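Below is one structure, written out as structure tokens; comments come after it.
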Amino acid sequence: MGNKKKVLLMGKSGAGKTSMRSIIFANYVARDTRRLGPTMNVEHSYIRFLGTMVLNLWDCGGQPNYFDNYITPQREQIFKGAEVLIFVISVETKELQDDLRLYQSCLEALAHLSPEAKIVCLISKMDLIADEKREQEFSVRESEIKRRSLPLKVTCYPTSIWDESLYKAWSSIIYSLVPNIAKFESSLNMFADIMRADEVLLFEKATYLIIAHSVRRKHPDGHRFEKISNIIKQFKLNASRYVANLHTMRMEIINGDLKILLDMLTPNTAIMVVITDPLVYPAAISLNIQTARKHFEMLEKLDRAPAMQFGDPKV
Amino acid sequence: MAEINPPELFIGSDAIQPFSQEPVSMAEQEAKPQIILMGLRRCGKSSIAQVVFNKITPNGTVLLESTTKIEFTDIETNTFLHYELVEIPGQMDIFESTVPMNHEGLFSNCDAVIYIIDCSDSYESALPYLYQIVTCAHKINPKIRFEVFIHKTDVLRQDGDKLAIRRSIYYKVTRDLQDSCLEAVKLHFYLTSIYDYSIFEALSSVVQKLIPELPTLENMLNLLNQKCRIEKSYLFDLHSKIYIATDSTPLDIAMYALVSDMIDTVLDLANIYDSGSDAKDANLSSTFELNNKSFLFLKKVNQYLALVVFMTGEDLQETSGLIEYNFYLFKKALENVFEIRTRKSKEKLL
């Protein structure tokens, strides 16, 4: 089925693959990841995303003997039909060359069996490096990884489960997987124009990853999207301790001319609108979101249409 | 002690004098309650101060150096309380003859002593020092409140363990005090940890006792609850997330956690998009709606304080007008309460 996306999550054992997966998709708090044990073999998880898309995440345990299996006996099974390979390398790894050798053998298999797949390399545990050194340490590794991946293209991100960098990396991975993303974006741009908004962000509801945004007014902070994802996700996690079964959330923040409104848009997405125009009243924003709902629901259904025909010919 | 650090001079007998020569600064000094943080070394005094007032993450406190001199921190978070936090390092035993310490000066100007006991260590060793402090301070200033924080409870897994430790400490301390005929001294015990909300909750209770207007505020919040069918309301100091008053329904730490998370979210999001203008700051307001049936309202009532309420089972469309109006009345009433205080302190000056 076209809407099932196979995502491979690989890397040496202890690099933090399962930790980041649990935080993004299973509502773990960073502190809770200490309780996770090592992954045995391959753990599959199916994550329903945007209602129609299913992420089939293959969390591949990183111990050497498993790795040997992936590369030789299970080669076809693992690497065939993958859309994304996410390779995680811990920043504090003692033998970077060792990690890179594994990485290269994965690339080789991938290039052979899924040549179209996107490759992402995450440098994890960046929190162990002092703030001022992070950039430098990251770029050293990035250039080395890029060199070793040639002729394939790779995107690298620094991540840490303790801050918002994790959301940046995963947002961009998800972004590349959503079909129809261009339609979402153009609709969002139009919507932002009509509302005279400074900024409109579209989130996936379960993970609060940002899947599309429209910026009409320059903002000095380039990292704000990840921060917002992180802030809202944290609140959601904490609040669900008090309010059982938290499925909808609406936030309205007004500070002088600044109005921030977060609301559910479709059953699978949430929208955040930021407006500083003093002539726009909060009630108008709510009304506009209400009106836009139908349009975005239709966009989502467009996604679904081919899949539904495939599954149930009667529809 | 050849070297005396400058701040310690304030404690010395001669350093207290300058205040009485200038009436203005004395009045200010009087209006500013002092809270003394004490405890054995490494019990977590600095960590508490840093986490609550400087917004250091609890994980970041492992990097804190141990305090070597008495530290004074002005906490000017709100107009209601201008208090001063005095942190006395644990390795400095104030009853040792080699330490130049004027107990009179230390305790006479102080409203509350917070004594911190590290319950992950052998807590019994902390009790004699507590006993010494209580006997000495009570003699000098019988009005002092003693608050005992049984700290680092995060190391204890079970609630039963926490309660057992509290009971045992309570029993030992009261027995010692009874033995020296000090039954009248009331100590309050709190179980705290910087890794959850308990430290904020405990500090809130401590601070509330120092507010003379507390009964008025409580009354106002009760009335507000009654009129708007609010479940719980708090008057928060936004910066420190300490609440200076709440209604008289029983305390609920989960509710405090929810409200405090809301404040974090609102401030964080507003900070990202704020263009840096402070003038509008007093207008901050926010509404959170959870599952279409629970609501949190936040409204800033002055530069530092915000009224936060939680309600459930009402229709937002119908109630929001009512809430808005009553919040406005509350704000006005609060201004009146403030006014009385400023008028009083002015009269005192004259």
Per DSSP helix of 4 or more residues, -39500 (n - 2.57); summed, then divided by the residues of the protein assembly as shown. What does that give at 222 nm, rounded to the nearest 500?
-14000 deg cm²/dmol
Given H placed on each backbone N at 1.01 Å, which residues far from residue B:145 in sequence or on other chains put an amide H within less than 5 Å of it?
B:112, B:113
Peptides A:152-159, A:288-295 ordered by average Cβ neighbours within 10 Å, highest first:
A:152-159, A:288-295
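Compare B:103, A:112 by solvent-accessible area with a 1.4 Å probe and give them largest first, with all protein chains kept in place. All intermediate terms of the calculation are to be shown ahead of the outcome.
Details: B:103 45, A:112 135 Å².
The ranking, largest first, comes out as A:112, B:103.
Per-residue mean of other chain beta-carbon atoms within 10 angstrom of the beta-carbon, peptide A:215-225? Kindly include the intermediate steps, with their values, before the conclusion.
On the way: counts 0, 0, 1, 0, 2, 1, 3, 0, 1, 3, 1.
Counting Cβ atoms of other protein chains within 10 Å of each residue's Cβ and averaging gives 1.
Considering only DSSP beta bridges whose two residues both sit in the protein assembly as shown, what percent are antiparallel, to the nearest 5? It would help to have the intermediate numbers written out before the result.
Values: 65 of 108 bridges.
That works out to approximately 60 percent antiparallel.
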With Cα atoms, 0 to 90° folded angle of helix B:214-228 axis to chain B main axis
20 degrees
In order through the stretch A:104-116: 3J(HN,Hα) via Karplus (6.51 cos²θ - 1.76 cosθ + 1.60), integer Hz, x for Gly, Pro
5, 5, 5, 4, 4, 5, 5, 4, 7, 9, 9, x, 8
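Quick one: which of B:124-132, A:229-237 comes out on top by average Cβ neighbours within 10 Å, and what's the full order, highest first?
A:229-237, B:124-132
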In percent, what relative contact order does chain A have, based on Cα pairs under 8 Å that are 6 or more apart in sequence?
15 percent
Rounded tilt (10° steps) of B:159-179 against the dominant C-alpha axis of chain B
50 degrees
Amide H of residue A:54: which non-local residues (sequence gap of 5 or more, or other chain) have their own amide H closer than 5 Å, using H built in the peptide plane?
A:4, A:5, A:49
If the viscosity is 1.567 mPa s and the temperature 4 °C, what Stokes-Einstein diffusion coefficient in µm²/s follows for the stretch B:26-208 when Rh is the Kirkwood radius over Cα pairs?
77 µm²/s
How big is the Kirkwood radius of the protein assembly as shown, worked out from every pair of different alpha carbons and given in Å to one decimal?
28.5 Å
Solvent exposure ordering (accessible area, 1.4 Å, most first) of B:341, A:224, A:34:
A:34, B:341, A:224
Among DSSP beta bridges lying fully in chain B, give the percent that are antiparallel, nearest 5.
55 percent
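Can you pull the mean other chain C-beta count within 10 Å for peptide B:292-301?
Values: counts 5, 2, 4, 1, 2, 1, 1, 1, 1, 0.
Taking all residues of B:292-301 together, the mean is 2.
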Please compute the average number of Cβ atoms from other chains found within 10 Å of each residue's Cβ in peptide B:257-270.
5
Angle between chain B longest axis and helix B:316-349 axis [Cα atoms, degrees, rounded to 10]:
40 degrees
Based on Cα positions only, what radius of gyration and what Dmax would you give for the stretch A:1-153, in angstroms?
15.4, 46
Calc'd 3J(HN,Hα), the stretch B:47-55, phi into Karplus 6.51 cos²θ - 1.76 cosθ + 1.60 (θ = phi - 60°), Hz, glycine/Pro = x, comes to 4, 4, 4, 6, 5, 7, 9, 10, 6
With θ taken as phi - 60° and the coefficients 6.51, -1.76 and 1.60, list the Karplus ³J(HN,Hα) couplings across the stretch A:167-177 in order, rounded to whole Hz; mark glycine and proline as x.
5, 4, 4, 6, 4, 6, 5, 4, 3, 6, 9
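Evaluate chain B: find the radius of gyration of its Cα atoms, find its Kirkwood radius, and give the ratio Rg to Rh. Don't skip to the end; give the middle numbers.
Numbers: Rg = 21.6 Å, Rh = 22.0 Å.
Rg divided by Rh gives 0.98.
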Probe 1.4 Å, all protein chains in place: accessible area of residue B:72 in Å², nearest 10?
70 Å²
Express in whole angstrom the spacing between the alpha-carbon centres of the stretch B:181-196 and the stretch A:141-210.
50 Å
Loop-only check: which trypsin sites (Lys or Arg not before Pro) in the stretch B:211-274 are DSSP coil with at most 10 other Cβ within 10 angstrom?
none
Quick query: amide H of residue A:11 versus all other amide H atoms, modeled in the peptide plane; which residues come in under 5 Å with a sequence gap of 5 or more or a different chain?
A:88
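The values are calculated or read from the model by the stated rules, or taken from the named source; none is laboratory data. Quick caveat: nothing in here was measured; it's all calculated off a predicted structure. We place every Cβ from the backbone using ideal geometry, glycine too, and count neighbours over all the protein chains shown. Ligands, DNA and RNA are stripped out before the accessible areas are found, and what is left, the full protein with its side chains, is counted by its heavy atoms. Shrake-Rupley method; radii C 1.70, N 1.55, O 1.52, S 1.80 Å.
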